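Quick notes on the structure that follows.
Only the coordinates and a few stated rules stand behind these numbers; no lab work does. Source: prediction; values computed, not measured. Here the Cβ is made from the backbone with ideal geometry for all residues, glycine too, and neighbour counts use every protein chain on show.
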Amino acid sequence: MERRVGGRGGRSWRPRESGGGSRPAPTSSSSSASYGDRWRPSSSRASHSASKSGGDLREDLEGSTKVRLAEHVADQDVSSLVGTCPDMCPAKERGQREQFRDLTVFERLNGNPQKTSSALAVKKFCRTMSTTNEQPSDIRPLPVLQKTLRYLLDIVDSSNHPFEVIHDFVLDRTRAIRQDLSIQKIVNNDVILMYEEMVKFHIISDKRLRKNCGKVDISSLLHLNMEQLIKSLTSLYDLYVINQRSSDKNYNEAEYYSFNLILQLGRNRNSISLWLRKMSVSILQSKEMHFARSVLRHLRVGNYRRFLKIVAADSSYLQFCLLEPVRAQALLCINYGGYKLHPYPLSHLSHILIMKEEDLESLCHDCGLKTCKDEAGHLLLPTRQEVSHMPKTLQDFGFLASEN
């Protein structure tokens with residue numbers, strides 16, 4: 001029997017309706033698991049987390065929260081701009097983009113590159129936007145932003161276009177949503193829910209990009225996606241801290257803090273320890289943070305089998321997406337540390353990596369490793385093979401049910 005991680009939910013992946021007030025009571029399944037089925041890829045390609053350049057982006061999470069929180073508190077006495085735009089895209093921007101033929105395939109009315117409508121056009125991210133130049137009619141209020149996010153996440157499920165095209169559009173438009181939220185300085189549970197949904201989008205986009213884009217260069221796409229994931233998480237952590245003053249409880253907070261710890265895999269342990277000291281006791285003692293710290297500990301000592309067993313048994317779907325590449329890393333470490341004259345039997349390696357032997361053979365090829373057969377026809381992995389880098393694409397392998 002093959003056991004796959006993350007299929008513990010059945011609802012579609014979209015922002016939950018939140019008419020205000022407090023959140024619904026928590027259920028036994030995690031927040032990410034409830035969206036797993038809709039996001040679960042149906043074919044064979046999957047992903048791993050950011051490249052080395054993406055890893056540098058993670059430093060944003062180690063000090064920016066305190067600075068951003070101080071800036072927010074300092075701005076509390078400054079009157080915030082309140083948006084009045086009733087549409088997903090301001091009328092002025094729609095007209096300009098029609099004039100300059102600046103409409104994506106998702107925004108064209110009947111395919112016309114010079115015509116759109118209020119039901120199709122979505123406001124673009126603007127790098128030069130400032131509160132001094134913006135008018136309320138150019139900014140969307142919270143209800144419109146919630147509607148826009150739901151619309152964008154519906155597009156994510158479309159199969160009419162390559163995912164890299166969909167991702168490019170949704171990533172830019174969700175940046176514009178965050179921009180409008182930031183300008184209006186809105187802090188409440190509804191906004192937290194929106195940021196959580198955008199974080200989910202970026203985490204699973206990494207997996208889907210690598211699954212669907214094996215034949216094109218996706219390095220820049222992955223880097224930009226990870227960059228926006230880090231920024232979204234940083235803003236979300238700011239919101240968690242600010243919202244602690246209210247009586248509303250954030251039931252997903254522990255899981256979302258665990259994402260940062262998982263993203264720190266392989267980094268300096270002193271910086272991680274410093275970050276953990278800032279956590280509240282309730283977050284540190286949560287099962288989500290206990291899981292993240294446990295896998296981090298086993299990975300540091302090279303106990304890949306124990307690491308993978310914990311991931312298979314206890315990870316949420318989003319945690320699994322971030323941790324999935326470690327199995328390829330384990331295989332490369334075994335290759336590097338082996339004795340050249342003694343090839344590794346794949347039957348033994350499959351036991352260590354908790355996967356079927358034929359899946360392991362495919363993983364070897366994904367990693368650029370050659371396999372061979374002995375006289376009895378058993379598959380072997382010759383070790384000490386030269387591999388220059390981690391593979392860009394990884395197949396979507398499950399976990400075999402195994403003894404504890």
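Couple of notes before you dig in:
- If the chain linking residue 384 and residue 287 were pulled fully straight, counting 0.36 nm for each residue of separation and taking away their Cα-Cα distance, it would gain 31.1 nm.
- Multiplying the residue separation of residue 303 and residue 102 by 0.36 nm and subtracting their alpha-carbon distance yields 67.2 nm.
- Ordering 246-256, 193-203, 270-280, 293-303 by mean Cβ neighbour count within 10 Å, with the highest value first, yields 193-203, 246-256, 293-303, 270-280.
- If the chain linking residue 150 and residue 314 were pulled fully straight, counting 0.36 nm for each residue of separation and taking away their Cα-Cα distance, it would gain 56.1 nm.
- For the range 203-208, Karplus couplings with θ = phi - 60° (6.51, -1.76, 1.60), whole Hz, Gly/Pro x: 5, 7, 4, 4, 5, 6
- Exposure proxy shown here: for 84, 383, the number of other Cβ atoms within 10 Å sets the order, fewest to most, as 84, 383.
- Whole-Hz Karplus values for the range 320-331 come out as 4, 4, 6, 9, 3, x, 5, 5, 5, 4, 4, 4 Hz, taken residue by residue from phi with 6.51 cos²θ - 1.76 cosθ + 1.60 and θ = phi - 60°; glycine and proline positions read x.
- 3J(HN,Hα) from dihedral phi, the range 356-369, Karplus parametrisation 6.51/-1.76/1.60, rounded to Hz, x for glycine, proline: 5, 4, 5, 5, 5, 4, 5, 5, 4, 5, 4, 8, x, 9
- Label point at residue 347 placed 7 Å out along Cα→Cβ; residues across the range 357-384 whose backbone nitrogen lies under 14 Å: 357-358, 373-381
- Amide H contacts of residue 380 (H built 1.01 Å from N, under 5 Å, at least 5 apart or other chain): 346, 372, 373, 374
- Fewest-first ordering of 305, 94 by other beta carbons within 10 Å of each residue's beta carbon gives 305, 94.
- This ranking places 321, 372, 367 by how few other beta-carbon atoms lie within 10 Å of each, fewest first, which gives 372, 367, 321.
- Reachable lysines from residue 287, criterion Cα separation under 22 angstrom, eight or more residues apart if same chain: 200, 249, 278, 309
- Cα-based reach from residue 92 at 26 Å (exclusive), listing lysines while leaving out same-chain residues under 8 positions away: 115, 123, 124, 147, 185
- C-alpha center-to-center spacing [the range 217-235, the range 88-113] in angstrom: 26 Å
- Per residue convex hull volume, Cα atoms of the range 254-334, in Å³: 81 Å³
- The distance from the alpha carbon centre of the range 176-196 to that of the range 307-381 is 42 Å, rounded to a whole number.
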